[in-house]
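Inspection log for the structure reproduced underneath, given as structure tokens.
None of the figures in this text is laboratory data; all of them are computed from the coordinates on show. Nothing here was measured: the structure is a model prediction, and the numbers come from that model. Neighbour counts run over all protein chains shown; Cβ positions are idealised from the backbone, glycine included.
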Amino acid sequence: MNIDLSRRGFLKLAGAGVAATSLGALGFGEAEAAELAHVRGFKLTATTEARNTCPYCSVACGIIMYSRIDDETGKKRIVHIEGDADHPTNRGTLCPKGAALKDFVNAPTRLTQPRIRKPGADAFEPIGWNEALDKIARALKDDRDANFMSLNEAGVPVNRWTTTGFLAASATTNETAWLTYKVVRSMGVVAFDNQARV
Amino acid sequence: MTIAPNVDSPRTATANPPVQPAQGNLGQAAVVRSSAGGPVAENPTALTPVAKLIDVSKCIGCKACQSACVEWNDTHPGVEENVGVYENPHDLTPDMFTLMRFAEYDNPETGDFEWLIRKDGCMHCADPGCLTACPAPGAIVQYSNGIVDFIHENCIGCGYCVSGCPFDIPRISQVDHRSYKCTLCSDRVAVGQGPACAKACPTHAITFGTKDDMTALAAERVEDLKSRGYDNAGLYDPQGVGGTHVMYVLHHADKPGIYNDLPEDPQIAGVVENWKGPTKTVGLAAIGLAALGSVAMGLFSRVAVEPEDERHAEDLVDRAAAIPGGEGSGEGKDA
Amino acid sequence: MTNSWTDIKNTDLVVVMGGNAAEAHPCGFKWVTEAKHHRGAKLIVVDPRFTRTASVSDYYAPIRPGTDIVFLMALIRHMIENDKVQWDYVRNYTNAAYIVRDDFGWSDGLFSGYDEEKRDYDKKSWDYVIGDDGFAVTDPTLENPRCVWQLLRAHVDAYTPELVERVCGTPADRFLKVAEMIGECSSPTKTMTSMYALGWTQHSKGAQNIRGMAMLQLILGNIGVRGGGMNALRGHSNIQGLTDIGLMSNLIPGYLNIPTEQEPDWATYMKSRAFKPLRPGQTSYWQNYPKFMVSFMKSMWGDAATVENDWAYHYLPKLDVPAYDVLRIFEMMDQGRCNIYFCQGFNGLLAFPDRGKVTRALSKLKLLVTIDPLETETSRFWENHGEHNDVDPAAIQTEVLQLPSSCFAEDEGALVNSGRWLQWHWPGAEPPGEAKLDTWIMAQVFLRVRDLYLKEGGVFPDPIVNLTWDYADANEPTPEELAKEMNGRALSDLSDPADPSKTLVKAGQQVLNFSQLRDDGSTACGCWIYSGSWNENGNNMARRDNSDPDSTGAFANWTWSWPLNRRILYNRASSDLDGNPWDDSRRLVWWDGAKWTGYDVPDIAPTAKPGEVGPFIMNQEGVSRLFSRGLMRDGPFPTHMEPFESPMANVFNPAMRGNPVARVFESDVARLGDSAEFPFVATSYRLTEHFHYWTKHNAVNAALQPEFFVEISEQLAAEKGIAKGGRVRVWSKRGEVWAKALVTKRIKPLICDGKPVHVVGIPLHWGFVGAARKGWGPNSLTPFIGDANVETPEFKAFLVNIEPAAGEAVS
């Protein structure tokens, strides 16, 4: 039974039509018994739409996110993302990043719980939100109280804090940015920057 | 509420998909051709022929088409390695129905360097070699709008569509041993939407509409390219396969080969072509049987056969072996 | 961007230099293909590599990384020599006629006033001659040898096509063809647009690259017109917004400034911000600074900010250095002078130069807090990943808190696109697991710190305990509340200045826009340039009318753009001195006999008569600046400066290394390499398949571009015995990486100063977490030096060496 035959050669051979048979006898069954032609069911049927903009570059393409309730979590889950044809800039188009946004939102490396890495440890371990936030607040207060500079060497009031820094995001909303600004500035942090510089 | 079925083919890919239940218009009623004597509609729904136009001169090789294709069709191409080229994955696969192919070309006439980027994928031939070659009844169909689609339930994974395709497009899955290729997003077109790649394409290098509209658009583009010094700009709609429902605008239409071996004059392989007419059924039957054998033998390099498949195939062969002459043709004793 | 993405369709010529729009901004680039298809526009690409943008260009010219100023000054020289100047524009809308002080000059690559010791200029001489009337002296004939035009002419004289060929490696004929195509756009009816990005900013003289093109655009009359402009393609989806809102060391929202130590009180601070017009009758809009500043202080501290306490001016920190930018912060961290650091949605370990130093610095922190939807290399900087992150966790004492946040799909609010459109978006899912909205996280941090100060007291608690926090749910301020706060509202009834008996805005109501802001404490406004975004008409950022009358590309009713919903900045300059459009087919804003009108919100007072008030109302001059006075640290004109690591000496002054006023930290001097040891020029960039270090988490994008590689020419590959797809080692003075080699015709050796210069292209998308293969970023190699004005690191031109490497990466 082992034969070594190139596909094209085989095709030629078979094409010579040395055999006589009928389709039915081949085990295909009657031609009519083949699965009738059909296309895939339209997968967005009965999904919920939400309008958003792509979080990557500054073209800010309009997108439509299609979601369903996830059986497992009971939460809405994005099942598809497509360009919004009504958007004046992108007219429904998306680049290779934007077109795959669904798999960014649902990436296996999305973070789902606060974690702590203790000094010298070689792994993260889970920590509750309350504990994590209290830890942060305590550290901030202690560092600020210890290192806040009220007056400079010349005795001029400068009210700055340089031993704690904050690097802000590049894709959060204006509203998050404003809240972040208020929080960071009110404490006197000057080591404040964002991705625009880089 | 269910939205009414579309009465005809969509004219563009620039639209937002419906989320209400929609009744599609691509199904058995619109089948005009079916492989190996598979069922066709008696009075097929007459849909306006559609086409996807790929304007290579507008293409920036960004692979949005690949990305959109993967997302729409829920395929999962693997994370390969970099082998020193931009093509990723490195070839079409059962999980990657379309692929940007990049060619670095020193134009001898102008002395300029050109980076020729072509989106590869199923051309949806008017006269499809895959369908002609396919031995499995109803595994490959052609709808009245020109879309050539695989009905995977009927596919036997023999690989004859690959041999029959002048563009080397279909790929056989090692997982389910069925053949895969671009469907022209038949599920989208059925409800009035253009293909996902055409919707996504950032520069509208991929457009979609009726074949007539796309041909007219191509003419406009060719004129623009000629005004920019591309004297041989033209439309690629090869007549050797009866024309295609995926067409290219090329800056150098006189040399399709420089675009990563786009065939100059594609034809259905002669032998497959010859089956048209009285010998067809006989030929197909022979091939069909051969195919069954080949599945069992692991004859085709793209098919890795699992023991379970082998048992399944043996079952089929056993049944076929009862047919006089079947064994002889199937196993190629004369080879 | 001065213009918008959709406006690009109106152009005749697109110049992509200092960027790679097709790859980094594909859907914005659609408007280039649109202009080409329907307007017959041409596309020029000038880039060290033949990019995917170049693949659809009409003309391509190569250039050595870091030599753009030579190319740009040579273009200006070409325009002047060949009379390719939009004269009416230059005479009336630029400072060409302004007379400059006699002591200003340039020689040996340096401007007057250089102090080598301080690595700084005394900029006193870089200024106009001010007449007895207090206004700048001008010569409208442009003949005075000390006028800006004549000085510019003299300044660019050295930049010949031959110099371009020698320094940039661009063949002279290629340069001349580009110059010729650009020259056509000096016609009032032809327009060119400049699309640039980090290819221009990531240099030690990045800001001067951009000025060079801005000057060229002014000479061609292409600023303020449809299809023209200086179009900075911002990298991230809301980096425009984060900058607008001032999340930088030295900024207050709306481009106001944090005071310095030299401004210890309000009066001193305001004195240097008087912005008196330099010519009679000019607007000099920044004269309104006190209104914006007081409204900001009221927004922050409400009743605690009073006229008596100088609006709580003492609550603001005072800077002792220009800024605590990230490079400075990491330098301080490395010296053990920084204890706690927050990274909110930012992957510093791969984003900052000289990764070895970054790792060292992070290892000296007491606490690192990361807030991100995804795993980041930064949050795992202490974790050993073999050669990809070769650290000893036991030796790193930094405590790390990794906080999971929501992503775009789960939150609501506005992002600002490159064209300054504030576009509102809505959530479509809920954050996974215990992940939380960023606003919740920031509120929790603040409330807990405030509680500690309220309970325990402490150092200067005033600005914390008095911070306005009047949200319905203190734990979770809503996007609506925050957006309204930025728009601003009346704190007491605002009377109409024209008729004091009438009330313009009732107490508590949102102001219409920033024209209603006051400097008497009766208004609060978080970000004046956003004022008008959410007024009593509702959320204008959520508007979705995509109609575009006469297809101008303005889309004036789609969302909202700052300022005042204006879509093209300086649009008054689209008409001539009399107020008639330069180009009737591209009308934008014009004078109808009584007022300014048009398709866009006029960038001038509606009744300011043409010929009296200049079109550049933000400038004290009322015109644009070809000569930037003392506003930039490294010169009033761009002058050629080599990158800090360069294969050749500066042709004007061989002793000059890099930008003579760029800040270099002492510890970094020894980490700079030279061309003897590192003969090849490296440049870093994005690929279209990926977005920074985010999409490597996405299996689809990882499949499309799976593995770290570097791009080299066939010639360099042959010289070094490197095979296509082979593994190479690339190293600089600061570090080393291993990559696959992509050998290509798209990079060709350049001949500079008679010698071949090879370019090594290094894309930036790989790290050690995510779906893609493990790899490195270019920041393992790049120098810790920033632009002299804004400290953007020099990622685009540095020196490396390369060799074939055996074996696979093990990790």
>> What lysines does C:Lys318 reach when the alpha-carbon gap must be under 18 Å and sequence neighbours fewer than 8 apart in one chain are set aside?
In response: A:Lys182, C:Lys271
> Roughly how many debye, to the nearest 20, is the charge dipole of the protein assembly as shown about its Cα centre, given +1 on each Lys and Arg Cβ, -1 on each Asp and Glu Cβ, and no other charges?
Replying inline: 920 debye
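Say the cut-off is 30 Å between C-alpha atoms; which of A:Lys102/A:Lys141; C:Lys364/C:Lys720; B:Lys63/C:Lys84; B:Lys58/C:Lys177 go over it? Could you put the intermediate results ahead of the total?
Numbers: A:Lys102/A:Lys141 40 Å; C:Lys364/C:Lys720 40 Å; B:Lys63/C:Lys84 40 Å; B:Lys58/C:Lys177 23 Å.
A:Lys102/A:Lys141; C:Lys364/C:Lys720; B:Lys63/C:Lys84, as the Cα separations exceed 30 Å there.
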>> Per-residue counts of other Cβ atoms within 10 Å, averaged by peptide: what ranking do you get for C:637-643, C:381-387, highest first?
In response: C:637-643, C:381-387
>> Show me, for the stretch A:181-194, the HN-Hα J-couplings you get by feeding each phi into the Karplus relation (A = 6.51, B = -1.76, C = 1.60, θ = phi - 60°), rounded to Hz, glycine and proline as x.
In response: 4, 4, 5, 5, 5, 4, 7, x, 5, 10, 7, 10, 7, 9
>> From the Cα trace of the stretch C:437-530, what convex hull volume per residue do you get, rounded to a whole Å³?
In response: 119 Å³
> Rounded if a/c is under 1.5, else prolate if a/b is larger than b/c, else oblate: which is the stretch C:685-811, with a ≥ b ≥ c the root eigenvalues of its Cα gyration tensor?
Replying inline: oblate
> How high is the relative contact order of the stretch A:48-105, in percent, counting Cα pairs under 8 Å that sit 6 or more residues apart?
Replying inline: 29 percent
> Can you list residues whose amide H is under 5 Å from C:Phe784's amide H, if they're 5+ apart or on another chain and H is modeled 1.01 Å from N?
Replying inline: none
> Rg and Dmax of the protein assembly as shown, using alpha carbons, in Å: what are they?
Replying inline: 32.8, 115
> Using r as the Cβ-Cβ distance of B:Tyr105 and C:Ile751, and R0 as 35 Å, what FRET efficiency do you calculate, to the nearest 0.05?
Replying inline: 0.90
> Got the relative contact order for the stretch B:87-139 handy, in percent, Cα pairs under 8 Å and 6 or more residues apart?
Replying inline: 27 percent
>> Below 8 Å, C-alpha to C-alpha, sequence gap of six or more: please give me the relative contact order for chain C in percent.
In response: 16 percent
> Under a 5 Å amide H to amide H cut-off, with H placed in plane at 1.01 Å, what residues pair with C:Gly526 once short-range neighbours are removed?
Replying inline: C:Met486, C:Asn487, C:Gly488
>> Can you give me the long-range amide H partners of C:Leu626? Hydrogens built in the peptide plane at 1.01 Å from N, cutoff under 5 Å, separation of 5 or more residues or another chain.
In response: C:Asn95, C:Ala96
> Considering only DSSP states other than H, G, I, E and B, which trypsin sites (Lys or Arg not before Pro) in the stretch C:483-555 qualify as loop sites with at most 12 other Cβ atoms within 10 Å?
Replying inline: C:Lys506
> Looking at the protein assembly as shown, what % of its DSSP beta bridges pair antiparallel, to the nearest 5?
Replying inline: 65 percent
> Of B:Val83, A:Thr93, C:Phe627, whose Cα points farthest to the positive end of the dipole of the protein assembly as shown (charges on the beta-carbon: +1 Lys, Arg; -1 Asp, Glu; origin at the Cα centre)?
Replying inline: C:Phe627
> the stretch C:193-267 to the stretch B:104-132: how many Å between their Cα centroids?
Replying inline: 42 Å
>> At 25 °C and a viscosity of 0.890 mPa s, what translational diffusion coefficient does Stokes-Einstein give for the stretch B:28-258, taking Rh as the Kirkwood radius over Cα pairs? Give it in µm²/s as a whole number.
In response: 135 µm²/s
>> Could you give the length gained by full extension between C:Arg544 and C:Glu612, i.e. 0.36 nm per residue of separation minus their alpha carbon distance, to one decimal place?
In response: 20.7 nm
> Under the Karplus relation 6.51 cos²θ - 1.76 cosθ + 1.60, θ = phi - 60°, what is the ordered set of whole-Hz ³J(HN,Hα) values for the stretch B:149-156, x standing for Gly and Pro?
Replying inline: 10, 9, 9, 4, 4, 9, 7, 10
> Dipole of the stretch A:115-197 (Lys/Arg Cβ +1, Asp/Glu Cβ -1, origin at the Cα centre): which of A:Gly128, A:Ser186, A:Thr164 lies farthest to the positive side?
Replying inline: A:Ser186
>> Just to verify a number: FRET efficiency for B:Lys255 and C:Ala723, C-beta to C-beta distance, R0 = 30 Å, to 0.05?
In response: 0.55
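Set the Förster distance to 51 Å, then compute FRET efficiency between C:Asn82 and C:Asp132 from the Cβ-Cβ distance, nearest 0.05.
Details: r = 39 Å, r/R0 = 0.77.
That pair, C:Asn82 with C:Asp132, gives E of 0.85.
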> In nm, to one decimal, how far is the C:Arg146 label point from the C:Phe275 one, both placed 7 Å along Cα→Cβ?
Replying inline: 2.9 nm
> Stretch C:Asn288-C:Glu180 to full length: gain in nm at 0.36 nm per residue minus the Cα-Cα span?
Replying inline: 34.6 nm
> Over chain C, what is the percentage of antiparallel beta bridges among all DSSP beta bridges, to the nearest 5?
Replying inline: 55 percent
>> At 222 nm, what value in deg cm²/dmol follows for the protein assembly as shown if DSSP H runs of at least 4 each add -39500 (n - 2.57) and the sum is divided by all its residues, to the nearest 500?
In response: -6500 deg cm²/dmol
> When you look at the Cβ of every residue in B:242-252, what mean number of other chain Cβ atoms sits within 10 Å?
Replying inline: 0
> Whole-Hz Karplus ³J(HN,Hα) for the stretch B:142-148, in order, using 6.51 cos²θ - 1.76 cosθ + 1.60 and θ = phi - 60°, x for Gly and Pro?
Replying inline: 10, 8, 5, 8, x, 5, 9
> In Å and whole numbers, how far do the C-alpha atoms of chain C stretch along each principal axis, longest first?
Replying inline: 85, 71, 55
